[in-house]
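Heads up: the structure comes next, in structure tokens.
The values are calculated or read from the model by the stated rules, or taken from the named source; none is laboratory data. Computed from a prediction, not measured in an experiment: that's the story for all the values here. Here Cβ is always computed from backbone atoms with ideal geometry, including for glycine, and neighbour counts include all displayed protein chains. Only protein heavy atoms, including side chains, enter the accessible area calculation; ligands, DNA and RNA are left aside. Shrake-Rupley method; radii C 1.70, N 1.55, O 1.52, S 1.80 Å.
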Amino acid sequence: MVDFTYSTHNVNSIIKYPIITDKATRLLENNQYTFIVNRKSDKITIKESIEYLFNVKVIKINTCNLPKKQKRIGKYIGYKPNYKKAIVTLSEGDTINLFAEN
């Protein structure tokens, strides 16, 4: 195991925010959750930080580095930054509440 010191700063720098799209909500039925993570983090630190933040058991993690995309506003062309996406599969019975209830 990797020695991982848990602090709010370290965990927040690894897990940035969840992705809530049509595909990501379909994956919720299979107990899979999608997050944007730090590009330099590996699967072991992602797993440990998810387990620490949400108090769940992670079975599997799939990651992919997505390329930067071209963005055009009028005559100006720029780029959206590239990022890393992690799809986390949880064990049966564990859930993460992504939608806050008022």
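Structure notes:
- Filtered residues of the stretch 82-94 (kept if open to solvent by less than 100 Å² (accessible area, probe 1.4 Å) and farther than 20 Å from R39 by Cα): L90, S91, G93, D94
- Filtering the stretch 1-26 to residues that are in contact with a helix residue (DSSP H, G or I) (Cβ under 6 Å, 6 or more places away or on another chain) and modelled with pLDDT of 85 or more leaves I14, I15.
- Listed here are the strands (runs of 3 or more DSSP E) enclosed by the stretch 32-81 that have at least 2 residues being surrounded by 16 or more Cβ atoms within 10 Å (Cβ to Cβ): 32-37, 58-66.
- Filter pass, A100 being open to solvent by less than 100 Å² (accessible area, probe 1.4 Å), touching a strand residue (DSSP E or B) at 6+ places or on another chain (Cβ under 7 Å) and among the small types (G, A, S): no
- Enumeration of residues in the stretch 54-82 that are within 16 Å of the chain's Cα centre (by Cα) and among the polar types (S, T, N, Q): N55, N62, T63, N65, N82
- Output for the stretch 82-102, where each listed residue is modelled with pLDDT under 90 and not polar (S, T, N, Q): L98, F99, A100, E101
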